[in-house]
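Visitor: The structure is given below, and queries will be raised subsequently.
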Amino acid sequence: MFRPLTGLPDPAPRRSRAAFLTTSAVAAVSLVCAAAVWIAAIEARAGAAEVLRARGDDFVELYLLHLDEIVRFRFTDSAVAYLAIAVLFAALAVAIRFGPQWSVHATGSLSAAGTAIIAWFGVQKLAGDLPIGDWASYELTALLKDAAPSWFGPADQLPLLAAAAGLPVIMVLLAVGHLKTRADEDEGADLRW
């Protein structure tokens, strides 16, 4: 791409600033929510373990092992997935702002595929709730939900909503910016002719 006035190469292609900001916002939301879910995991596990120990049951040790497995599945895996969303969208933001055109396509495709996989994982997790089906797991899940902070619910859903809403908006903004740049180039070519 060349600068219209000087004819010199333009080192930073003119891309949609709105697409860059939207992509950065999705990455930031996912990063913050990953940290929030991680913190919620610690609080929920500590609160549920305290309730179990206070009951003085004979099966406390077994329950605590189950509790760790459920916390890993319900909280920690979500935090890692949201961290992956943040990395994908941060890479897309960098590609949009500074990278060549192929990097925008590549990271956009990876972001869409990664978000779809993580969303599918989230839907499966919510639909099945837990892979373990015995009565103790349901009781422990209820304990964890009670012990989790009130802000865990929004923090757990927000990255998926932001990514699902952000990807189409980003793609539209990039397409509009590409068409506008191409129209400007065609118009400049006509003037030079």
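The values are calculated or read from the model by the stated rules, or taken from the named source; none is laboratory data. Worth saying up front: this structure is predicted, and the values here are computed from it rather than measured. When we count neighbours, we look across all protein chains shown, and the Cβ atoms used for this are built from the backbone with ideal geometry, even at glycine. Ligands, DNA and RNA are stripped out before the accessible areas are found, and what is left, the full protein with its side chains, is counted by its heavy atoms. Shrake-Rupley method; radii C 1.70, N 1.55, O 1.52, S 1.80 Å.
Visitor: Taking region 60-111, which residues are β-branched (Val, Ile, Thr) and out of contact with any Pro (no Cβ under 7 Å at 6 or more places or on another chain)? Spell out the reasoning first.
Guide: Keep residues of region 60-111 that are β-branched (Val, Ile, Thr), which gives 60, 70-71, 76, 80, 85, 87, 94, 96, 104, 107.
Those that are β-branched (Val, Ile, Thr) and out of contact with any Pro (no Cβ under 7 Å at 6 or more places or on another chain): 60, 70, 71, 76, 80, 87, 94, 96, 104, 107.
Visitor: Looking only at residues in region 10-54 that are closer than 26 Å to residue 162 by Cα and outside any helix (DSSP H, G or I), which one is modelled with the lowest pLDDT?
Guide: Taking region 10-54 as the starting set, the residues that turn out to be closer than 26 Å to residue 162 by Cα are 14-44.
In the following step, the residues that additionally are outside any helix (DSSP H, G or I) were identified as 14-16.
Details: 14: 58, 15: 70, 16: 78.
So, considering only residues that are closer than 26 Å to residue 162 by Cα and outside any helix (DSSP H, G or I), the one modelled with the lowest pLDDT is 14.
Visitor: Let me ask something else. What's the number of the condition residue 169 fails, among (1) modelled with pLDDT under 85; (2) open to solvent by 30 Å² or more (accessible area, probe 1.4 Å); (3) β-branched (Val, Ile, Thr)?
Guide: (1)
Visitor: Return yes when residue 69 is at pLDDT below 90 and surrounded by fewer than 20 Cβ atoms within 10 Å (Cβ to Cβ) and no when it is not.
Guide: For residue 69, the condition - at pLDDT below 90 and surrounded by fewer than 20 Cβ atoms within 10 Å (Cβ to Cβ) - is met.
Visitor: Okay, next question. Within region 143-157, count every residue that is part of a helix (DSSP H, G or I) and open to solvent by 80 Å² or more (accessible area, probe 1.4 Å).
Guide: So the count comes out to 3.
Visitor: Would it be correct to say that residue 88 is open to solvent by 40 Å² or more (accessible area, probe 1.4 Å), assigned to a helix (DSSP H, G or I), touching a Ser or Thr at 6+ places or on another chain (Cβ under 9 Å) and of a type in the set (A, V, I, L, M)? Break it down stepwise before answering.
Guide: Working: open to solvent by 40 Å² or more (accessible area, probe 1.4 Å): yes; assigned to a helix (DSSP H, G or I): yes; touching a Ser or Thr at 6+ places or on another chain (Cβ under 9 Å): yes; of a type in the set (A, V, I, L, M): yes.
Here the answer is yes, as residue 88 does meet what is asked.
Visitor: Going through region 47-66 one residue at a time, which ones are open to solvent by less than 60 Å² (accessible area, probe 1.4 Å) and in contact (Cβ under 8 Å) with a residue 60 or more places away in the chain?
Guide: Answer for region 47-66, where residues must be open to solvent by less than 60 Å² (accessible area, probe 1.4 Å) and in contact (Cβ under 8 Å) with a residue 60 or more places away in the chain: 47, 48, 52, 63, 66.
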